[in-house]
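A.B. asks: Below is one structure. I have some questions about it.
The values are calculated or read from the model by the stated rules, or taken from the named source; none is laboratory data. On a predicted model such as this, the values are computed, not experimentally measured, just so you know. Cβ coordinates were reconstructed from backbone atoms using ideal geometry, including for glycine residues, and neighbour counts include every protein chain displayed. For the accessible areas, the whole protein counts, side chains as well, though only heavy atoms, and no ligand, DNA or RNA atoms are used. Shrake-Rupley method; radii C 1.70, N 1.55, O 1.52, S 1.80 Å.
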Amino acid sequence: MKLKDSQVDLCGAVGFTRDGAMPDLTQDQLFSFACKGCGDCCRGREDIVLSGYDLYQIAKRLNLPPRIVASSFCRSYVGKESLLPVLRLAPRKDAGNNCPFLYQNRCSIHDAKPLACALYPLAQEISAEGRVSYFLQPVNCGGKVFHARVRDYLALYSIDARESEDVTWALTCMKLERRAEQWQASFEPVLLRRLYQKLTDALYCSYELEKPFRAQLEGNLAWFEEQLKRLEQMQIHRSTIKKTDG
């Protein structure tokens, strides 16, 4: 089966088609992979997508506002499948097209690295019902062979501790994407750009680092709904004027 394109849009591209050779792993299942520790998986990558929680964690690590982190280290665009705002890490052109946080073959934000990086070589899928599953990605870099139990590997990189935030993010985006096509059809370009600016703020930028992420996300979404109603009224008004002028 292929990863749902919109989930890849918002949770990180994996660059392959999943098939029966990559089944779900149980929590107690053992897996193995080889790693040279060379950092090549951090070079030339254009597919490291950040969730709002990823950005929040990196911002806390750097002690910078999420908006500053996003503008300094990321590129933003509208996802082709999700039609929602997406942030991805922007490779440094002045440093061999490497990840902006790669220094001397090591991750400088190791304790706050994005989920896609922390999981590797595992990958994660979240269903519309909030069910989380993990599977092993194909790894061909060679080197020392490591063996791990899924449960222990997730705990080692604190992935289990953040799972509820990742589920909340995924379900939030799934709900929003069901409405995004209608926004594209309903709003004029100038108002659609405003909508995306406000949604980007709500999903990624409007967070105080000393406060929990999830409660702030809920508050941000409530604020966005108010802004959306205002934009809808503006669109109705503009459409009425055009009909009158016509």
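A.B. asks: Go through segment 38-55 residue by residue and turn each phi into a ³J(HN,Hα) via Karplus (6.51, -1.76, 1.60, θ = phi - 60°); whole Hz please, and just put x for glycine and proline.
C.D. replies: Whole-Hz 3J(HN,Hα) from phi for segment 38-55: 8, x, 4, 6, 9, 10, x, 8, 10, 10, 8, 8, 9, 7, x, 6, 4, 5.
A.B. asks: Sticking with this structure for a sec: Taking amide H positions as placed 1.01 Å from N in the peptide plane, with prolines and chain starts having none, which residues 5 or more places from Leu87, or on another chain, fall under 5 Å of its amide H?
C.D. replies: When sequence neighbours closer than 5 places are left aside, the close amide H contacts are Leu50.
A.B. asks: Which whole-Hz couplings ³J(HN,Hα) result when phi for each residue of segment 71-79 is put into the Karplus expression 6.51 cos²θ - 1.76 cosθ + 1.60, θ = phi - 60°, listed in order with x for Gly and Pro?
C.D. replies: After applying 6.51 cos²θ - 1.76 cosθ + 1.60, I find 6, 8, 10, 10, 10, 10, 6, 9, x Hz.
A.B. asks: Per DSSP H run of at least 4 residues, take -39500 (n - 2.57); add these up for the chain, divide by its residues and hand me the 222 nm value, nearest 500 deg cm²/dmol.
C.D. replies: Values: 8 runs with 107 residues, N = 246.
Rounded to the nearest 500, the figure is -14000 deg cm²/dmol.
A.B. asks: Report the label-to-label distance for Glu46 and Arg67 in nanometres (one decimal), using points 7 Å from each Cα along the Cα→Cβ vector.
C.D. replies: 2.9
A.B. asks: Greater than 19 Å separation of Cα atoms is the criterion. Which listed pairs, Lys93/Lys198; Lys80/Lys175; Lys198/Lys242; Lys60/Lys211, meet it? Walk me through the numbers before you get to the answer.
C.D. replies: On the way: Lys93/Lys198 29 Å; Lys80/Lys175 16 Å; Lys198/Lys242 25 Å; Lys60/Lys211 11 Å.
Where the Cα-Cα span goes over 19 Å, the pairs concerned are Lys93/Lys198; Lys198/Lys242.
A.B. asks: Between helix 213-245 and the chain, what is the angle of the helix's C-alpha long axis to the longest principal axis, kept within 0 to 90° and rounded to the nearest 10?
C.D. replies: Computed tilt is about 40 degrees.
A.B. asks: Per residue, how large is the accessible surface of segment 169-246? Use a 1.4 angstrom probe and give square angstrom.
C.D. replies: On the way: 4710 Å² over 78 residues.
Per residue, segment 169-246 has an accessible area of 60 Å².
A.B. asks: Want the number for Glu163 to Glu225: 0.36 nm per residue separation, take away the alpha-carbon distance, what's left?
C.D. replies: Details: separation 62, 0.36 × 62 = 22.32 nm, distance 2.58 nm.
So the chain would gain 19.7 nm between Glu163 and Glu225.
A.B. asks: Moving to a separate point now. In what order, largest first, do Thr240, Thr168 sit by accessible area if the probe radius is 1.4 Å?
C.D. replies: Working: Thr240 75, Thr168 35 Å².
Heavy-atom accessible area, descending, gives Thr240, Thr168.
A.B. asks: Listed highest first by mean packing, meaning other Cβ atoms within 10 Å per residue, what order do 199-209, 48-58 come in?
C.D. replies: Working: 199-209: 20.7, 48-58: 24.4.
Taking the mean over residues of other Cβ atoms within 10 Å, the ranking is 48-58, 199-209.
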